[in-house]
Amino acid sequence: MSDTKPDPIAQMEKIVSLCKRRGFIYPSSEIYGGCGGVWDYGPLGAELKRNLREAWWRAMTRDREDILGLDACILMNPAIWKASGHVDTFADMMRECSLTNKRVRADHVEAQAGTVMQFTGARAANGWSISRQITVLMKQGEHIESFRKRVRALIGQNAGAAAGKAEEIELLGEQKIEVVTASVDFHPESCGLLGESRPFNLMLRTYLGPTATEADVTYLRPETAQAIFAQFKNVFDSSRVKVPFGICQIGKAFRNEVTPKNFTFRSREFEQMELEFFIKPDEAVEIISGEVAKWTDGADLSEPQPNWGWEMWHQYWVAERKKFYQSIGLGDVLKDYWQTKDDLAHYARACVDILCEFPFGTEELEGIAARGEFDLSQHQKHSGKTQEVFDEDLKNAAAKLTPEQKEALIQKRLAAENSKVKGEPMPEADVRAWFERLFKGNYVPHVIEPSAGLDRMALAVIAKAFDETVKIDDKGKSETITVLRFHPRVAPIKCGVFPLLKNKPELVAKAREVYALLKPHMNCFYDETASIGRRYARQDEAGTPFGVTIDFDTLGEKPELLNTVTVRERDSNAQHRISISDLLGWLQARL
Ligand code: ATP
């Protein structure tokens, strides 16, 4: 594997071009000029995504007894988005370029250096004119004539046909205002002055119903989580589960991102894989178990325990999710960032961002938040339908508490409410009413939410797998070969099957037989064209971990090798002679 650190921009360009060339990812609607922030997955990308989706689904629900799956719709009653806070607060602060009206996320503007230039207006020979102040940054090192040409072009583009030819636009009243060394007030592309920050709601609006009036407005879901909360009671009542348990879901989400960027990393349509893991409030754990386990570094997280409160459960899920990333080959490119008290939303108790090293920087792959009872309580309040569960064990344990013990629990909670740094403390009367319900065995479950993005995961896996090697052919010519070193578990094609020569019907027939043997069990690719080295290289580029070659020995040229094949491993180039009857088991053990 190459050991020098590649140039990140060149690396990303190579990845984007490989993705298109080999059918992993294409720009959406490309023949019509694309569709900003939307990407389609080609044949190899679709397989890769499916493998990741299945690995997540298996780890989160099939392999466990305490998590159930859900498949809810993208469209929901808009009241859900009001209750969740998305209608009022799901916004990014954005700024608009005064020259081109292009928007940019306020926190995505990089500092620029140059000279601030101002014009009093512009006019064209055909009579078209504008008479407003135009402020643009002339970038450090930009020649004044190129700068003027650029401004004319931008004004021309914005004015459309009315202004005539851009090069004939006359700029009026040019002035140098000041030299800046690190200003974040200019658009990253146009360098036009940016307006004030304004909130911009990221939800995509649509209409549900035939009249298409404001009364029919709803939203494409910006996250899958809310459907889980909205269906919490149905799942709970229909599945004979007890808290703690989880509900998970995979599905599309949509956000009208102000600045989609970094390939699929920030898209407007993407897929999320979310778990809502419902737990008892700590007070209920304390009543039932007599104590709440305290988190200490290195505490045993291997088996969930009845005395775990939110903190242990949160730590457990962080550890579980890291194990998952390890299992798909991403373990060594991950870091975690524990949000500070200032970063946290008022209802959140803790949130960890699992970060991944992408060529363009270290960025969030997944967030794991301890969200308290906020979500279910909001839906209880807005829908008027109880989201409480009844817990017999809790009721029985609470019945054994003395009035003093009960009062001590209440006092502890009141003290915690009064020392809250963010959000309003719960009034004493509400605290007492809450405990009254709790002592009878009723509570709204709290939640731990690991929320991952499938597209970001696919991009992380592709970026991690991307490698280049230089090969020298028989004639001494060097060639750079791209290899995608996918973990076999996620690789889109598991095995290439190659007859040594395509013009030998016996070889072809045997290779087809091997292909038919493997195909029902894994995604295989049959290839008989070009030299065997070229065929290996094609599969290396697709990230296929194994290649099976059928040669004359397979047909019995050396009798002791009859019905054996050569299996080549992508990463080590090691070759193994394996009997066809053992082949499927050999491969399956390595996938
Ligand atoms: P960011 O800060 O990067 O915008 P976020 O904190 O808003 O992300 P969440 O709302 O926590 O993200 O969503 C959970 C996960 O969904 C993210 O960790 C990410 O993997 C994925 N995700 C969110 N927004 C996008 C997007 N626009 N494109 C692709 N994936 C996304």
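The values are calculated or read from the model by the stated rules, or taken from the named source; none is laboratory data. Being a predicted model, the structure only gives us computed values, none of them experimental. Positions of Cβ are backbone-derived with ideal geometry, glycine not excepted, and every protein chain shown enters the neighbour counts. The area values use the complete protein model at the heavy-atom level, side chains included, leaving out ligands, DNA and RNA. Shrake-Rupley method; radii C 1.70, N 1.55, O 1.52, S 1.80 Å.
Looking only at the chain, where both bridge partners belong to it, what percent of the DSSP beta bridges are antiparallel (to the nearest 5)?
90
Considering only protein heavy atoms and a probe of 1.4 Å, how much of the accessible area of the chain is carbon and sulfur, as a whole percent?
That fraction is 50 percent.
Over the stretch 298-367, with the other protein chains present, what is the accessible area per residue in square angstrom, probe 1.4 angstrom?
Computed with neighbouring chains in place, this is 46 Å² per residue.
In whole angstrom, and with the biggest value first, how far do the Cα coordinates of the stretch 80-186 range along each principal axis?
For the stretch 80-186, the Cα extents along the three principal axes come out at 56, 35, 18 Å.
Could you sort out which of Lys49/Lys252; Lys233/Lys294; Lys233/Lys420; Lys504/Lys558; Lys341/Lys464 sit more than 21 Å apart by Cα distance in this structure?
Lys233/Lys294; Lys233/Lys420; Lys341/Lys464
How long is the stretch 1-131 along each principal axis, judged by its Cα atoms, biggest number first, in Å?
Each principal axis gives a Cα extent; for the stretch 1-131 these are 72, 52, 33 Å.
Heavy atoms only, 1.4 Å probe, whole protein assembly: order Arg58, Arg148, Arg349 by accessible area, highest first.
Largest accessible area first, the list is Arg58, Arg349, Arg148.
Using heavy-atom solvent-accessible surface (probe 1.4 Å) with all chains present, what is the largest-first order of Arg590, Arg266?
Putting Arg590, Arg266 in descending order of accessible area: Arg590, Arg266.
Within the stretch 463-591, what percent of beta bridges assigned by DSSP are antiparallel, to the nearest 5?
Bridges in the stretch 463-591 that DSSP calls antiparallel: roughly 65 percent.
Which translational diffusion coefficient, to the nearest whole µm²/s, is obtained for the stretch 417-481 from the Stokes-Einstein equation, given a Kirkwood hydrodynamic radius over C-alpha pairs, 25 °C and 0.890 mPa s?
In µm²/s, the coefficient rounds to 133.
Give me the net charge for the shell around Leu18: Cβ to Cβ below 12 angstrom, other residues only, Lys and Arg +1, Asp and Glu -1.
-1
Counting C-alpha atoms alone, how compact is the stretch 304-434: give Rg to one decimal and Dmax as a whole number, in angstrom.
18.9, 60
Evaluate the charge dipole of the chain about its Cα centre and quote only its size in Debye, nearest 20, assuming +1 on the Cβ of each Lys and Arg and -1 on the Cβ of each Asp and Glu.
I would put it at about 1320 debye.
I'd like the Karplus ³J(HN,Hα) series for the stretch 158-166: coefficients 6.51, -1.76, 1.60, θ = phi - 60°, whole numbers in Hz, and an x wherever there's a Gly or Pro.
5, 7, x, 4, 4, 8, x, 6, 4
Between Glu178 and Val421, what FRET efficiency follows from the Cβ-Cβ distance if R0 is 35 Å, with the result rounded to 0.05?
Once rounded, the FRET efficiency stands at 0.30.
Keeping every protein chain in place, order His143, His108 by accessible area at 1.4 Å, biggest value first, i.e. largest first.
Ranked from most to least accessible, the order is His143, His108.
Rounded to the nearest Å, what's the spacing between the alpha carbon centres of the stretch 26-84 and the stretch 345-362? Just the number, please.
Distance between centres, Cα-based: 20 Å.
I'd like the distance separating the alpha-carbon centroids of the stretch 575-591 and the stretch 86-131, in whole Å.
Rounded to whole Å, the Cα centres lie 61 Å apart.
Work out how far the C-alpha atoms of the chain reach from end to end along every principal axis, then list the three figures in whole Å, largest first.
88, 83, 52
Calculate I(q)/I(0) for the stretch 483-591 by the Debye formula, one identical point scatterer on each C-alpha and no solvent, and give its log10 at q = 0.18, 0.23 Å⁻¹ to two decimals.
-0.81, -1.34
Can you work out the FRET efficiency for the pair Ala408 and Trp295, with r the C-beta to C-beta distance and R0 = 30 Å, to the nearest 0.05?
0.85
With every atom except the alpha carbons ignored, what do you get for Rg and Dmax of the stretch 266-314, in angstroms?
15.2, 48
How much length, in nm to one decimal, is gained on full extension between Ala215 and Ala72, taken as 0.36 nm per residue of separation minus their Cα-Cα distance?
In short, 49.2 nm is gained.
If you look at just the Cα atoms of the stretch 342-397, how large are its Rg and its Dmax in Å?
Expressed in Å, the Cα Rg and Dmax of the stretch 342-397 come to 17.4, 56.
Provide the packing ranking of 242-249, 398-405, 62-69, i.e. peptides ordered by the mean count of other C-beta atoms within 10 Å per residue, highest first.
Answer by packing, highest mean first, reads 242-249, 62-69, 398-405.
Accessible area of Glu110, 1.4 Å probe, to the nearest 10 Å²?
Approximately 140 Å² for this residue.
At 222 nm, what value in deg cm²/dmol follows for the chain if DSSP H runs of at least 4 each add -39500 (n - 2.57) and the sum is divided by all its residues, to the nearest 500?
-9500 deg cm²/dmol
From the C-alpha coordinates alone, can you work out the Kirkwood hydrodynamic radius of the stretch 359-462, in Å?
16.8
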